[in-house]
Amino acid sequence: MNILEKLPEKLLGMADPAYRDFNARIIPGAGEMLGIRIPRLREIAREIARDDHWREFVSRDDCRYFEERMLQGMVIGAARCPIDEKLALVARFIPRIDNWALCDCFCWRLRTAERDPMWRFIQPYFRAEAEYGVRFAVVMATANFIDEEHLEALLRHFEAFRHEAYYARMGVAWAVSVCFVKFPGRMRRWLEEACPLDDWTFNKSIQKIVESLRVTDADKAFVRTLRRGAK
């Protein structure tokens, strides 16, 4: 019996009602949950990705539980397959994303061979209408492309960002704060020099920078002076 034949029983055996209730409060729109912690799901995903039938699992449309959909995304990231096939699976999965946790846990640390193809793949998603299409691009970039090679291109995407959805805007604010941690000099200038982010996203970016444990007190004091008043 392979891992997929035992999967429903395995997941039910891991269910934690207290953790389920906690997650239900902080992950709106996740649907029915079991309450399984992310490290345990990642272990299962790696096991499924080694199974000969992993493609059947990620293609299923009948997942009942949030954790099953989370596993599908994790398996796609962990699977060893040609990059064209993987990107096709990613494109099919993105419309299924309906909450921030599913989006963020789907965004994996890319292997070297995946980096350039994924950078090209996410470009149109920065301008997507769908809330979680945008967030996917932003979170994947935050996890993999905040570096000297890609920083200026990312800032151009942020400058063009126009979206009203909460989790898209929060994704950009988080990404801006990580950019600040890694490139404080460049980001001080970017924030100070007529930054085109809307006021809400701009102020959330400032908040995230101030909350970071990796930003100096002097930089926190500086960015607080940039906070915009409500119009």
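Quick notes
- Sites Asp199 and Arg156, calculated FRET efficiency, Cβ-Cβ separation with R0 22 Å, nearest 0.05: 0.65
- Listed residues Ala218, Phe136, Pro8: farthest to the positive end of the dipole of the chain (Cβ charges): Ala218
- Counting only lysines at least 8 places from Lys204 when in the same chain, those with an alpha carbon closer than 25 Å to its own are Lys182, Lys220, Lys231.
- For Lys6, the lysines whose Cα falls under 30 Å of its own Cα, not counting residues fewer than eight places away in the same chain, are Lys86.
- Each label was represented as a point 7 Å from its Cα along the Cα-to-Cβ direction; for Asp61 and Glu32 these points are 1.9 nm apart.
- About the centre of its Cα atoms, the range 109-231 shows a dipole size close to 220 debye [charges on the beta carbon of Lys, Arg (+1) and Asp, Glu (-1) only; nearest 20 debye].
- Theoretical ellipticity at 222 nm over the chain - DSSP helices of four or more residues, -39500 (n - 2.57) apiece, nearest 500: -20000 deg cm²/dmol
- For the range 46-60, putting each phi into the Karplus relation 6.51 cos²θ - 1.76 cosθ + 1.60 with θ = phi - 60° gives couplings of 5, 5, 4, 4, 8, 7, 5, 9, 4, 5, 5, 5, 6, 8, 5 Hz, in residue order, rounded to whole numbers and with x for Gly and Pro.
- Over all other residues within a Cβ to Cβ distance under 11 Å of Gln207, the charged ones net out to +4, with Lys and Arg as +1 and Asp and Glu as -1.
- Length added when fully stretched, Lys6-Glu149, from 0.36 nm per residue minus Cα-Cα: 47.0 nm
- This model, with +1 at the C-beta of Lys and Arg and -1 at the C-beta of Asp and Glu, gives the chain a dipole about its Cα centre of some 560 debye.
Any read-out appearing in this document is the output of simple, stated calculations on the displayed coordinates, not a laboratory observation. This is a predicted model, so every value here is computed, not measured. Neighbour counts are summed over all protein chains in view; Cβ atoms, including those assigned to glycine, are modelled from backbone coordinates with ideal geometry.
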